Amino acid sequence: MRYAYGVTTALLLGGATLSLVTGLPAGAQVAQNEDSRMTSITPRAGAPGSFADLTEQLAPAVVNISTRQRVQVNNNPFAGTPFADLFGGQNRGPQTREAQSLGSGFIISADGYVVTNNHVIVADGRGEVESITVTMPNGTEYPARMVGRDAYSDLAVLKIDAGKALPFVTFGDSSQARVGDWVMAIGNPFGLGGTVTAGIISAVYRNTGQGGYDRYIQTDAAINRGNSGGPMFDMQGNVIGINNAIFSPTGGSVGIGFAIPAEIAAPIVEQLRRGERVERGYLGVRIQPITDDLADSLGIERNRGEFVQAVEPGGAAEKAGIRAGDVVISVNGRDVTRDQTLSFLVASTSPGSRIPIELIRNGRRTTVRATVEQRPPDEQLAQQFDPDDEEGNPFQQDPEQQGDGVAEQSLGLSVIPMTAQIARQLGVGNDVSGVVVNAVDPNSDAARKGVRRGDIILSANYEDTATVQALENAIRSARQSERDAVLLRIQRRGQSPAYVPVRLR
């Protein structure tokens, strides 16, 4: 993935709904894309004969944005080597360099509020911005101040003071956009200045797998470095997206560009404009998609729902009665799918809302009601569900193998009973009940899924496996039920338990 202005990195995302007000007295100005203006110039149904009239009307509200910032750099050529301290220049102060970024934006009110991408303002995600300059299509430059930015949605709002009313555009309703609709992008590719490109919508709500708010309008309109932050217009002149990123092996447009939908961006922009913190819903679960192996082990249909790997103690999910091993299939009446993920649906829900959540638990459907909490800062989230992973040999000796070898034959796993000595070596309490993986067939599906010696199998298909015999019984039961996989709940030293579907052989 590349941001449209050229930095190779991950993507981030945003919220839900429609237009913004000007903040000026009624009648003071009319938006460049106001309906009465657009009626006489927008193309009729079908392919437009020309984009010239649209461009002439809308381009005055699209601006170029450039920034300067200073970032710390490591000038020690021996960094990362044993000689770093010896030759590192211990008396030197922090070394910095000047960094620049260049992108696009658009004015959303006559008094000078400007929308762009956060990554246009903070090019490499760190450092302190020294100056921001907004350049109008006629070349007039204005210094801009930061009003608010949100890294998670990759949005930022700036303010310029021009001393006069400025041309501006407003958000439309991107939820009405359809695959195949014409769209037009205006921006500043490669620093060339105002450039217009056109194409169609290739997909809506495209999930690129980069984050909880990762939902984009995909287009084949040419979007390149420097287009980030610029508007995507529909044929009525509405801003239905904010150009954000491209997928490209070359760094240039290959016909796969992404824009943040207006229905997600507009409410976040309004919150930033008011100086408010962007609030998102949070349940407190660690989840994963329903893979074919998970579906086979659970005996459920594929491509629907998400699997709960862990539940945060004391969080909204635990309070609602959600458990590890549940499959969440709908949130507040909306199905959980690959495009409408649990994270996206919950993040788009206002904190404090009490919503129904439909689950599959042990093959049965059940509904719980959860009070959505506010999403914690990223730094706090990074410490949850992410303990240190300790490697090493957990055993000093191999106890005698027990059982009939069903686990080894069916799963490629040699397992042994838990003993007090093994528990101490694995760093778990005596209350942990399960069998211990003693060896893994490197050609097995278990090995491909990352199961390794020293893992503790707590359950199989939700049945406790306190003994080797219990695990073997669960495997036999799965075969009798004509399942192709077994869902193991595994605990590894230093980590919380996780579910792993392992195919039978």
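Charge dipole of region 240-337 (Cα centre as origin; +1 on each Lys and Arg Cβ, -1 on each Asp and Glu Cβ, all else neutral): 360 debye, rounded to the nearest 20.
In terms of overall dimensions, the C-alpha atoms belonging to region 207-358 reach 46, 40, 26 Å along their principal axes, ordered largest to smallest. Measuring nothing but how far apart in sequence close Cα pairs (under 8 Å, 6+ apart) lie, relative to its length, region 282-340 scores a relative contact order of 35 percent. Eigen-decomposition of the gyration tensor built on the alpha-carbon atoms of region 200-254 gives equivalent ellipsoid semi-axes of 17, 15, 11 angstrom, largest listed first.
Ordering 236-249, 357-370, 418-431, 170-183 by mean Cβ neighbour count within 10 Å, with the highest value first, yields 236-249, 170-183, 357-370, 418-431.
Taking a straight line from the alpha carbon of Lys319, not one of the lysines sits under 26 Å away once near neighbours fewer than eight places off in the same chain are left out. Summing +1 for each Lys or Arg and -1 for each Asp or Glu among the other residues whose beta-carbon sits under 11 angstrom from that of Met38 gives -3. Surface composition of region 156-311: carbon plus sulfur atoms contribute 47% of the solvent-accessible area (1.4 Å probe, protein chains only, all chains present).
For region 424-486, the calculated P(r), taken from all Cα-Cα distances in 5 Å bins from zero up to the bin holding the longest distance, is 4, 17, 22, 25, 21, 8, 3, 1 percent. First check a/c for region 135-202, with a ≥ b ≥ c the square roots of the eigenvalues of its C-alpha gyration tensor; if it is under 1.5, answer rounded, and if not, answer prolate when a/b is larger than b/c or oblate otherwise. Prolate shape, in that a/c is at least 1.5 and a/b is the bigger ratio. If you plug the beta carbon distance of Asn430 and Val147 into 1/(1 + (r/R0)^6) with R0 = 51 Å, you get a FRET efficiency near 0.35.
Computed from the C-beta positions of Thr419 and Arg354 and an R0 of 41 Å, the FRET efficiency is 0.30 to the nearest 0.05.
The calculated FRET efficiency for Thr291 paired with Ala59, based on their beta-carbon distance and R0 = 56 Å, is about 0.75. For region 138-288, a crude dipole built from +1 on the beta carbon of Lys and Arg and -1 on the beta carbon of Asp and Glu, taken about the Cα centre, is about 320 debye to the nearest 20.
Here the extension length gained between Gln409 and Ala165 equals 80.2 nm, from 0.36 nm per residue of separation less the Cα-Cα distance. Taking every alpha-carbon pair under 8 Å whose residues sit at least 6 apart, region 447-505 reaches a relative contact order of 33 percent. Length gained on full extension, Arg277 to Glu482: 68.6 nm, using 0.36 nm per residue less the C-alpha separation.
Binning the alpha carbon pair distances of region 134-265 at 10 angstrom intervals from zero yields the distribution 12, 42, 35, 10, 0, expressed in whole percent.
The values are calculated or read from the model by the stated rules, or taken from the named source; none is laboratory data. Nothing here was measured: the structure is a model prediction, and the numbers come from that model. Reconstructed Cβ throughout: ideal geometry from the backbone, glycine too, with neighbour counts over all protein chains shown. Note: accessible area is taken over every heavy atom of the protein model, side chains too, but ligands, DNA and RNA are not part of it. Shrake-Rupley method; radii C 1.70, N 1.55, O 1.52, S 1.80 Å.
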